[in-house]
Amino acid sequence: MKAKSRLKKSLKLEVGSLKLDKADLLNNRNSKFKPQTSWFIKYFRHLPTLLLSLQFYYLVYFIFIKVEPSQIRDYLLPHSYLPLQVAFFLSNFFLFTFVFLKTRRGLTTAFYLSLVLHLRLNFVVEPIWLLVLAIPFLIVELLATIIVRE
């Protein structure tokens, strides 16, 4: 004869007007109740991205101080300053990913700043037009935020 369990089959918890079922408590992805983590814990978990950004910023500093511009100007592509561009992009990507705690926002900001650096190195635009260039990036970020919320 099989022993009968004395445990309750369903566990229900009521906190104010919020009613939680055992399935809600076990399945955090679709849960109505999500434990709040402090901002310090969130940033502490993303600390390796900050450390990566500091290493890439050191590389940018090293390129500015120790390397002649003529040595890296035509690396792979003419007038591209590619080593500087890559180091600058990666440092900004990791820094703004850490600051915003969102990879998409870090990527958008890094793309914009890299575009600004590229245009300024090649003397293409005046500084006032850099604000006009920010408008498409802000629109893309706004649309992406609206789409994610829905």
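Since every read-out is calculated from the coordinates, none of them should be taken as a lab result. Fair warning: this is a prediction, and the values are worked out from it, not measured in the lab. Here the Cβ is made from the backbone with ideal geometry for all residues, glycine too, and neighbour counts use every protein chain on show.
Remarks
- Qualifying residue in region 86-101 (condition: farther than 15 Å from Phe56 by Cβ and not β-branched (Val, Ile, Thr)): yes
- Region 86-112 - residue that is over 8 Å from the mean Cα position of the chain (by Cα) and surrounded by fewer than 19 Cβ atoms within 10 Å (Cβ to Cβ) and, of those, nearest to Ile146 (Cα to Cα): Phe111
- Residues of region 33-61 that are hydrophobic (A, V, I, L, M, F, W, C) and over 13 Å from Ser91 (Cα atoms): Phe33, Trp39, Phe40, Ile41, Phe44, Leu47.
- Test: residue in region 38-49 that is of a type in the set (S, T, N, Q) and in contact (Cβ under 8 Å) with a residue 24 or more places away in the chain: yes
- If only residues of region 75-85 that are touching a residue at least 24 places away in the same chain (Cβ under 8 Å) and hydroxyl-bearing (Ser, Thr, Tyr) are counted, the one that is surrounded by the fewest Cβ atoms within 10 Å (Cβ to Cβ) is Ser80.
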